[in-house]
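Working notes, beginning with the structure itself.
The values are calculated or read from the model by the stated rules, or taken from the named source; none is laboratory data. Quick caveat: nothing in here was measured; it's all calculated off a predicted structure. Here the Cβ is made from the backbone with ideal geometry for all residues, glycine too, and neighbour counts use every protein chain on show. Surface accessibility is based on the protein's heavy atoms, side chains included, excluding ligands, DNA and RNA. Shrake-Rupley method; radii C 1.70, N 1.55, O 1.52, S 1.80 Å.
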Amino acid sequence: MPKHDGFKFWREKLNESRFIVAPMVEQSELPWRVLSRKYSAQLCYTPMMHAGVFCRDPTYRTENFSTCPEDRPLIAQFCSDDPELFTKAAQMIQDQCDAIDINLGCPQNIARRGHYGAFLQDEWELIHQILSHAVENLRVPVTAKIRVFEDIGKTVEYAKMIESTGIAILTVHGRTREQKGANTGLASWEHIKAVKKAVKIPVFANGNILNFNDVLECLKQTECEGVMVAETNLFNPAIFSGLNPNTYDIAYEYMLYVEKYPCNYACIRGHLFKIFQKVFERHKDLREKMGKLKSIESIKECILEIKEAILKDNEEKINDEPKNNSELDYWLCQSHLRPIQGAKLDQEREEIKKLVDEKISSGPVSPSTLKRHIEELNSTLNEETNKESILKCANIIERKKRKLERNERKIKYFKELEERNHSNLKEKYASCGGCKNPKGTGCEYGLCRKCCKDKIFTEMIDCKGHGLKCKNKNKQNNEKDDKNDLGQNSNILENNFNNILA
């Protein structure tokens with residue numbers, strides 16, 4: 001039996017939340033969550049946080065997790081491939097949120113390198129260990145967010161395996177791991193519906209939401225308990241209220257919350273550039289100005305300038321161009337439509353891949369330090385549509401490759417030169433007979449100066465070549481001379497005494 005009853009938790013703690021703001025890195029921070037709640041969001045997730053970094057870095061914890069009394073219900077999301085670290089990070093904040101979620105859906109390259117997110121979805125045993133350990137050791141419920149497989153049957157099996165760990169809620173993003181960037185495509189509500197029918201816990205649906213009508217339609221078709229919205233919420237935080245407010249009003253209101261709940265400027269810029277996307281297409285000067293601002297007051301002043309520019313446009317009736325009935329005025333918050341790939345774009349992409357392949361694959365095998373950059377470039381070819389930026393990146397890698405290969409050739413050349421010189425090396429000096437040092441050129445005994453000193457001391461000899469003399473030898477010679485002189489004197493005295501007696 002699960003530790004926490006999912007439906008009871010959804011009804012009592014989450015207040016039957018149906019309108020949910022997704023976890024978004026550097027986007028679903030506290031000011032944005034409070035703003036979204038004002039416009040009918042019922043449940044919010046924190047940005048995805050790395051469990052390992054969260055455990056060891058206090059600064060990272062402070063910058064990435066903050067909340068307030070009105071920020072409830074709240075689910076905190078972590079990414080991890082380690083059961084112990086995931087649980088440890090969750091335990092640090094479990095008293096400040098209503099549940100802990102694991103990210104099993106991030107498809108980005110950083111998740112591939114970090115071994116988390118959607119790149120764990122083939123390692124079912126590891127996922128089971130992470131979730132089971134967390135469910136057993138946490139006081140709050142554990143939830144999970146996943147992506148689907150192409151096969152509906154495998155997706156259902158995957159969802160059931162995750163349900164068996166004892167989690168309370170499952171969020172299903174109806175896209176595969178490969179659907180990202182320019183290849184995002186449509187999410188499959190059929191996959192989500194199949195999972196909902198197969199499991200016995202609440203399910204949140206995610207994908208294909210552009211407006212409030214899509215939210216209602218998704219709830220109807222998938223029969224899920226709630227709908228999670230990510231990107232569309234960034235362009236229109238009032239989506240759950242069914243409104244399309246003025247961009248400048250929403251932006252200014254967001255900045256008021258930023259003053260109350262400070263966050264880093266990367267978050268602020270990201271939100272403002274999404275809110276004003278349509279506006280900045282017309283007023284590029286204001287876009288450039290906004291990008292350079294670094295204080296809250298200056299940003300608020302710029303928002304007021306944008307408002308004045310929009311009102312001036314209305315007065316001059318610049319916006320009276322014919323538009324479809326479904327097309328909104330550019331100054332209103334509205335969802336962003338991704339361009340659909342056509343045959344021409346596919347052909348251009350293949351040409352780019354061919355050019356890149358020619359640049360990075362020709363010549364000798366690249367050093368291991370370069371292979372990672374090449375793999376990253378190849379993986380981004382399916383995400384990036386700008387031909388110039390891709391080729392610029394390829395050219396950088398090509399130059400780096402040539403430089404590394406040139407360095408390898410230099411190292412090889414100097415190594416061969418050293419070996420050749422070593423084999424042809426002739427001794428310039430004869431070696432000392434007592435050690436490996438060169439012997440003295442004039443030494444009578446074929447020794448270096450040090451060895452020669454030792455020999456002179458022990459054998460009491462001299463070396464003219466080194467100019468060394470034995471002091472002990474000289475002392476002994478002097479004593480011998482003194483003895484001889486004394487002997488001669490005694491003989492003379494004896495002879496004189498004998499003469500006197502005679």
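Values as computed for the structure displayed
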read-out	value
Scope the stretch 174-196; condition over 12 Å from E150 (Cα atoms) and either at pLDDT below 95 or of a type outside the set (V, I, T) (or both); matching residues	K180, G181, A182, N183, T184, G185, L186, W189, K193, A194, K196
Unique match (being farther than 24 Å from K260 by Cβ, in contact with a Lys or Arg (Cβ under 6 Å, 6 or more places away or on another chain), at pLDDT 95 or above and of a type outside the set (S, T, N, Q)) among F86, F54	F54
Failed criterion for I20 (all others in (1) surrounded by 20 or more Cβ atoms within 10 Å (Cβ to Cβ); (2) more than 28 Å from I209 (Cβ to Cβ) hold)	(2)
D214 assigned by the TED database to the domain that holds E301 and either surrounded by fewer than 19 Cβ atoms within 10 Å (Cβ to Cβ) or at pLDDT below 95 (or both)	no
Criterion: without any contact (Cβ under 8 Å) to a residue 24 or more places away in the chain and within 22 Å of F119 (Cα to Cα) - qualifying residue of G207, G174, G185	G185
Any chance V172 is in a helix (DSSP H, G or I), among the aliphatic types (A, V, I, L, M) and either open to solvent by less than 10 Å² (accessible area, probe 1.4 Å) or under 24 Å from V142 (Cα atoms) (or both)	no
Residue in the stretch 226-241 that is open to solvent by 10 Å² or more (accessible area, probe 1.4 Å) and more than 21 Å from E29 (Cβ to Cβ) present	no
Selection from the stretch 290-314 of residues that are loosely packed, with under 15 Cβ neighbours inside 10 Å and either in a helix (DSSP H, G or I) or in contact (Cβ under 8 Å) with a residue 24 or more places away in the chain (or both)	G291, K292, K294, E297, S298, E301, L304, E308, L311, K312, N314
Single residue of the stretch 180-211 satisfying the filter (out of contact with any strand residue (DSSP E or B) (no Cβ under 9 Å at 6 or more places or on another chain) and outside any loop (DSSP other than H, G, I, E, B)) that is surrounded by the fewest Cβ atoms within 10 Å (Cβ to Cβ)	K197
Qualifying positions in the stretch 12-33 - in a helix (DSSP H, G or I) and within 29 Å of the chain's Cα centre (by Cα)	L30, P31, W32, R33
Meets criteria (at pLDDT 95 or above, of a type in the set (G, A, S) and open to solvent by less than 20 Å² (accessible area, probe 1.4 Å)) for A111	no
Whichever residue in the stretch 1-11 is part of a loop (DSSP other than H, G, I, E, B) and in contact (Cβ under 8 Å) with a residue 40 or more places away in the chain and, among such residues, is least open to solvent (accessible area, probe 1.4 Å)	H4
Conditions (1) hydrophobic (A, V, I, L, M, F, W, C); (2) open to solvent by less than 30 Å² (accessible area, probe 1.4 Å); (3) over 19 Å from L138 (Cα atoms): number failed by I93	(3)
Extreme residue, nearest to F86 (Cα to Cα), among residues of the stretch 143-164 that are among the polar types (S, T, N, Q) and open to solvent by less than 30 Å² (accessible area, probe 1.4 Å)	T143
Condition met for F273 (farther than 23 Å from N15 by Cβ and either touching a residue at least 60 places away in the same chain (Cβ under 8 Å) or surrounded by 17 or more Cβ atoms within 10 Å (Cβ to Cβ) (or both))	no
Residues within the stretch 251-272 that are at pLDDT 95 or above, part of a helix (DSSP H, G or I) and not β-branched (V, I, T), tallied	11
